[in-house]
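The values are calculated or read from the model by the stated rules, or taken from the named source; none is laboratory data. Everything numeric in this text was worked out from a predicted model, so none of it was measured. As a convention, Cβ positions derive from the backbone with ideal geometry for all residues, glycine included, and neighbour counts pool all protein chains shown. In case anyone asks, the SASA skips ligands and DNA or RNA and just uses the protein heavy atoms, side chains included. Shrake-Rupley method; radii C 1.70, N 1.55, O 1.52, S 1.80 Å.
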Amino acid sequence: MRGLTSAKSAEDRPPKTKKLLKIQMSKTKNTGGTKLGRDPRPKYLGVKAFGGESVKVGSVIVRQRGTSIIAGKNVKTGSDNTLYSAAVGTVQYREIRKKGFSGKQRLAK
């Protein structure tokens, strides 16, 4: 040997022990989890400020999916089609005829 090495010889090392793995068996067949508990959280959609009510800037007027009620003056539309006020005032609803791209008319609130 050329020099002193720190490598231990086979006699100096402790003997290797085998590690045992304990496997847990299931007590029942695979039936899946519970079938309950999937009820989604409520979305609280609907009209929040009715006709004649006074609103502040930024207050929600209608929470909706789609554009069943379209925005009028001083009303902005959010990314989820929520209508909110852009100015201080009172809420008024009216029905108008809205013409689409195909020329078909629909009654919009």
Does THR34 qualify as being of a type in the set (Ser, Thr, Tyr), in a loop (DSSP other than H, G, I, E, B), at pLDDT below 95 and open to solvent by less than 90 Å² (accessible area, probe 1.4 Å)? no
Identify the residue in segment 70-109 that is farther than 21 Å from GLU53 by Cα and under 30 Å from the mean Cα position of the chain (by Cα) and, among all such residues, is surrounded by the fewest Cβ atoms within 10 Å (Cβ to Cβ). SER79
For GLU53, work out the one condition from (1) modelled with pLDDT of 95 or more; (2) within 26 Å of the chain's Cα centre (by Cα) it doesn't fulfil. (2)
Leading residue by the ranking (surrounded by the most Cβ atoms within 10 Å (Cβ to Cβ)) among those in segment 42-64 that are more than 10 Å from VAL91 (Cβ to Cβ) and of a type in the set (Lys, Arg): ARG63
